[in-house]
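The values are calculated or read from the model by the stated rules, or taken from the named source; none is laboratory data. All of these numbers come straight from a predicted model, not from anything done at the bench. Methodologically, a virtual Cβ is constructed for each residue, glycine included, from the backbone with ideal geometry; neighbour enumeration extends over all protein chains shown. Protein only, heavy atoms only, side chains kept; ligands, DNA and RNA dropped before computing areas. Shrake-Rupley method; radii C 1.70, N 1.55, O 1.52, S 1.80 Å.
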Amino acid sequence: MSRTRFRYALQPVLLTRQWALDTLLLELDEHNAAVAAQAALQAETQARYQAAASDWRAMAATPQAQSVQTFAMNGRYLADLARQMREQAARMDELSAACDEVVAQVVRAQRALGTVERHRDDMRRQYIQKRVSADFKLADDQWNTLQTGGASHGH
């Protein structure tokens, strides 16, 4: 049996595609972390808004009169929280869109890598088939040589 090993000529392409996929997966991880952080910020702002709205309703339910200043301050606070929630929702939309784009790039990179890997596997199978065929031919030739040599020596 021969001692040569399978060498894939497109190994640099395979490695480049694997590295590109790895880079995209790291980028996707960063985008997912940003989305998670934004979701936590939104949840915190939503909780503050709910608490302030609950306080507003509780103050409105009491028979005590509120000062105009307190009323205006609470109204501005609620309006500011509502503005923050809108801005955070817009930011979440941006982050989600960017994340979706990276996911699409990851899918394309996985397909590209899969194509090269399938090609490499096909080339390896062909190589093995050729090596096995060559080894059988060599063994057959040796057998025939032994048989021919044995017949000529009277064995």
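Computed values, structure above
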{"quantity": "Count of residues meeting criterion [more than 32 Å from the chain's Cα centre (by Cα) and either of a type in the set (A, V, I, L, M) or exposed (fewer than 11 other Cβ atoms within 10 Å of the Cβ) (or both)] in the range 117-133", "calculated": "5"}
{"quantity": "In the range 82-98, the residues that are of a type in the set (D, E, K, R) and within 21 Å of Q50 (Cα to Cα)", "calculated": "R83, R86, E87, R91"}
{"quantity": "Members of the range 59-74 found to be farther than 29 Å from A89 by Cβ, assigned to a helix (DSSP H, G or I) and of a type in the set (V, I, T), listed by number", "calculated": "V68"}
{"quantity": "Qualifying residue in the range 100-116 (condition: within 43 Å of the chain's Cα centre (by Cα), assigned to a helix (DSSP H, G or I) and farther than 30 Å from A36 by Cβ)", "calculated": "yes"}
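Conditions (1) more than 21 Å from A89 (Cβ to Cβ); (2) of a type in the set (F, W, Y); (3) touching a residue at least 24 places away in the same chain (Cβ under 8 Å); (4) open to solvent by 60 Å² or more (accessible area, probe 1.4 Å), marked per residue:
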site: R17; (1), (2), (3), (4): yes, no, yes, yes
site: T23; (1), (2), (3), (4): yes, no, no, yes
site: L26; (1), (2), (3), (4): yes, no, no, yes
site: V35; (1), (2), (3), (4): no, no, yes, no
site: L41; (1), (2), (3), (4): no, no, yes, yes
site: E44; (1), (2), (3), (4): no, no, no, yes
site: Q50; (1), (2), (3), (4): no, no, no, yes
site: R57; (1), (2), (3), (4): yes, no, no, yes
